[in-house]
Amino acid sequence: MCGIIGYIGKSEAPANLLKGLKKLEYRGYDSAGMAVFDNGRLAVAKTSGKVSALAEKVRAEWPGERFARPPVGIAHTRWATHGSPTSLNAHPHLDASGGIALVHNGIIENYRALRARLEAKGHGFLSETDTEILARLIGEFYSGDIFDAVCGALHQVEGTFGIAVLCAQEPDRIIVARRGSPIVIGVGVDGECVAASDASVLVEHTQRVIYLDDNDAAIVRADGVEIRDLDNVPVTRAVVGLDMAPSAAEKGRFAHFMHKEIHEQPEALANAIRGRLDFTRATAVLSGMGTSPRELSELERVVMVGCGTSLHAGMVGEYAFEDLADIHAEVQQAAEFRYRNPILDRRAFVVAISQSGETADTLAAVREAQQKGAFVMSLCNVVGSTIARETGRGVYLHAGPEISVASTKAFTSQVVVLLMMALKLGRGRRLSREDGLALARAIDGVPALVSRVLEADPAIAAVAERFVEGEHAFYIGRGLMHPVALEGALKLKEISYIHAEGYHAAELKHGPIALLAPGVPVVAVACDVPGKDKTLGNIEECRARGARILGVVTEGDADTIACMDSVLTVPPAHPLVATIPAVVALQLFAYHVARLRGCPIDQPRNLAKSVTVE
Ligand code: G6P
């Protein structure tokens, strides 16, 4: 979604801002812009479309060494919410004087009321955005101190914001603030400070960062940072290490981040598993869960919350918790969670699943669960993310930065961590040592299983060639393979724009089968795990209507292979871990279909990597 960067330091601001915007591209956006200090005033460049278009504009309009010192500026990639993705609506937006520029992530919910008040004072607006209203409001509050003006305006705002503000009168500082939308500040090294909505932007400048908490604001200068709350009271926030290599954001030998990340899965999974399996006690060691054996045994329900791919991981977790830990488990779409007034108490174990740790709906679900006294933990990939920090206890995936919008290695890492959590919970309850050990060994073997699937990459690419045409596809599966079908369909639709829907295989005949016509692809996830025989029956129902069946099947399962028109084979596996190789095969399939269709795989239209608005 929208991305923010602010730079103040020693080398030219536009070049640094453009470099930062490039890094933010993966989040998904549809326009971009920047404002820089220029001889006593602010210069603004904005464009619809890509950062490369903005770079061209900057080169053309601001040639040479035109910018005065100190080099300072703010920039933004916008994912349209209020108003279409035009250059007028792109950020930064200016106050009425043109001397204050604002970039903003989030949504100002009371923007209509604020707009009416400003209109009554004679303000006109150039854009359709809620952000321009905030820029004007800051201008209204300005009387010589930009920090005070920002805080004054933010006191009037309902909704969410991560902002960066630049003021022509005070070019030695950038003001940043957050509520519900992340801001992280790279602490000054060699007279240079960078603030951003995403730590991956900072890694090139520093490894020492400060994450702002909600309702924090900061004055960022080239030589340091001052943090206060919105009432101007100083607050202290820890400086933490980033532990992120600059090269993590490079594609290396791959044409797309998605392909690279699919291939990183053996390593990502090994990182997620490392040191967390105890074969002697046949359990998992997940100290971040922060639960004593007694607390674990008193839990009565597991409630997972998440969105998108993370929701699908939770669906696999549901099976694992019920099967291994004999505990009622459910997964809920995070966006609905707080509105349905969930029944929770301290015996409910709420697990927030989020790769980014910033998804607004998942964060809101966490807060609701905490409010109701539930035992809340998180399963995040991004270290220091808001959900990870607010839950306090949790397990990190350690999958490394996931840049491609379509999530791959985070999903498989989420599943493997959920399996370990279920193993731990199970061993504290009724799971036998023997069954626990069998699962621990199976989990330990997951990276090798995935490597085997990746060896089939060229074969999967060849199969994909037969599915490049066509506008619809159905994915079906039962039991544990149902979430696999949903995730496989999600991958295909996200990146290839083929309309793909996942269904429980038995549900097909209650409606969707009406859409089956000769030649329509049905991807049947029919690995050799319990429920397969029933899936085979459902496949016959599709075949009888002329559908083209692509099976995800277990190597050597000749009878099942014979039921398919084409196959993606995966190695045999313990039923609970079999979801992982099956998903990896479908990730590769979706990737190759999209590649052959010439789609912009890493940044699909309209999608965002982390959805920070409700
Ligand atoms: C967006 C992304 C998806 C992701 C979902 C949840 O929609 O495009 O890939 O699964 O958000 O994100 P999270 O970071 O909470 O896992």
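Some notes on this structure:
- Looking at the chain, the DSSP beta bridges with both ends there are about 60 percent antiparallel.
- Packing here is the average count of other Cβ atoms within 10 Å per residue, and on that basis the peptides 86-97, 556-567, highest first, run 86-97, 556-567.
- With all protein chains kept in place, the per residue accessible area of the stretch 3-243 amounts to 36 square angstrom at a probe of 1.4 angstrom.
- Cα-projected label distance for GLU455 with GLU507, points at 7 Å along beta-carbon direction, nm: 3.6 nm
- Among ALA101, CYS151, PRO14 - extreme Cα towards positive end, dipole of the stretch 3-243, charges at beta-carbon: PRO14
- Solvent-accessible area, 1.4 Å probe, carbon plus sulfur percent, for the chain: 50 percent
- Per-peptide packing, taken as the mean over residues of other Cβ atoms within 10 Å, places 199-210, 444-455 in the sequence 199-210, 444-455 from highest down.
- Peptides 383-390, 568-575 ordered by packing proxy, namely the average of other Cβ atoms within 10 Å per residue, highest first: 383-390, 568-575.
- Segment GLU158-ASP559, length gained on full extension (0.36 nm per residue, minus Cα span): 138.3 nm
- Projecting the Cα atoms of GLY241, GLY3, TYR29 onto the charge dipole of the stretch 3-243, computed from C-beta unit charges around the Cα centre, puts TYR29 farthest toward the positive end.
- Remark: the stretch 489-614 carries 36 Å² of accessible area per residue (probe radius 1.4 Å; ligands, DNA and RNA excluded).
- Stretchable slack from ALA116 to LEU607, in nm (0.36 nm times residue separation minus alpha-carbon distance): 173.6 nm
- Spacing of the modelled spin labels on SER52 and HIS328, each 7 Å from Cα toward Cβ, amounts to 5.4 nm.
- Size of the stretch 454-599 as Cα extents on the principal axes (Å, biggest first): 38, 37, 24
- Sites listed here are chymotrypsin sites (Phe, Trp or Tyr not before Pro) in the stretch 263-370 whose DSSP assignment is loop and whose Cβ has at most 13 other Cβ atoms within 10 Å: PHE279.
- Beyond 20 Å in Cα-Cα separation lie the following of the pairs LYS493/LYS534; LYS493/LYS609; LYS10/LYS57: LYS493/LYS534; LYS10/LYS57.
- Per residue value of the accessible surface for the stretch 254-444 (all protein chains in place, 1.4 Å probe), Å²: 35 Å²
- 17 Å cut-off, amide nitrogen to a point 7 angstrom out along ASP533 Cα→Cβ, residues in the stretch 563-605: 563
- 3J(HN,Hα) couplings calculated from phi for the stretch 160-171 with the Karplus curve 6.51 cos²θ - 1.76 cosθ + 1.60 (θ = phi - 60°) are, in sequence order, 10, 7, x, 9, 9, 10, 10, 10, 4, 6, 9, x Hz; Gly and Pro show x.
- The Cα atoms of the chain cover 77, 56, 45 Å along the three principal axes, with the biggest extent listed first.
- Cβ charges +1 (Lys, Arg) and -1 (Asp, Glu), total dipole of the stretch 3-243, debye: 520 debye
The values are calculated or read from the model by the stated rules, or taken from the named source; none is laboratory data. This one's a predicted model, so the numbers in the text were calculated from it and none came from an experiment. Because the Cβ atoms are built from the backbone with ideal geometry, glycine has one as well, and the counts that use them run over all protein chains shown. We work out accessible area using only protein heavy atoms, side chains counted, and drop any ligands, DNA or RNA first. Shrake-Rupley method; radii C 1.70, N 1.55, O 1.52, S 1.80 Å.
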